[in-house]
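No lab work stands behind these numbers, since they all come straight from the coordinates. All values derive from a computational prediction rather than experimental measurement. Here the Cβ positions follow ideal geometry from the backbone for every residue, glycine too, while neighbour counts run over all protein chains shown.
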Amino acid sequence: MAHEERHIDDRVLADVARLADGTLPPRRRAAVEARVAESPQLRALLDEQRRALTLVRGAGGTAPPGLRARLESARRAAAPRARRRRFALAGVVAGAATATALALVLTLPGNVPGGPTVVQAAQLGTLPPQAPAPSMDPGNRALLHAAVDGVTFPNWEYRFSWRAVGRRTDRISGRPVTTVYYGRGRLRIAYAIVAGAQVPAPVATGKITRFHTLLRHFRAGGRTVVTWIRHGHTCVLSARDVPLQAMVGLAAWKDGGGLTF
């Protein structure tokens, strides 16, 4: 059970979402309910999911109509009768989100309706770069010549051999998000920084503290996601086939104090 408290796979998250909205097949309901009853983390997820659905379905004019329509559309897409796992979430290119994204979006504590989410920022990493990679900052080899609201992207090439290979800029719920892609052999890591105020992390996260920095991590859509705060801004790493500990080391790297958080 301790392992489950750190990592909840996509199918379990989707089952919790379907249990909350009543679309879970009867033959699976008892087993899922039993698993939820044994896990404080899953119980918290289920409670958050139900509260979010109550807002969407019953808030009338309180919840923005656009938010209600988008979440209801995503919920229907995740229903068993649809027999598909992928669907579009608002602010993310169609096909980028999965049933896991829906479950995590609905369980964001304190999330402002219609605002960006960590899951959406992470899903941008599955999209291709739009522009060439930023160059190294000539004044500091630990940094790249690219930043969001003064938060500068790191240059991992000289220390870790992860070379910047591209970048893109998107908007989620009106908020700019810049993503820089790093490559090492066949592997790729996407590093996104969300402009503006902090974005709450999903409930279903593990926690690691490294060099006095709190890092939260989870899995979504087959990718490992690590998120943390730098200068009041949300940073999100996402990658497939890159070990979590390697991602944590990159995220927390401060170049011996040369990078500030």
I need the peptides 234-243, 24-33, 250-259 ranked by packing, meaning the mean over residues of other C-beta atoms within 10 angstrom, with the highest value on top. 234-243, 250-259, 24-33
Below 14 angstrom from the Cβ of G150, what's the summed charge of the other residues (Lys, Arg +1; Asp, Glu -1)? -1
So for the range 122-257, Kirkwood radius off the Cα pairs, Stokes-Einstein at 20 °C and 1.002 mPa s: how many µm² s⁻¹? 144
FRET efficiency for M136 and A44 from the Cβ-Cβ distance with R0 = 45 Å, rounded to 0.05, comes out at 0.55
May I ask you to derive the FRET efficiency for R186 and F261 from their Cβ-Cβ distance with R0 = 35 Å, giving the value to the nearest 0.05? 0.70
Residue-by-residue Karplus 3J(HN,Hα) for the range 130-146, coefficients 6.51, -1.76, 1.60, Hz, glycine and proline x: 9, 8, x, 5, x, 7, 5, 5, x, x, 7, 5, 7, 10, 9, 8, 7
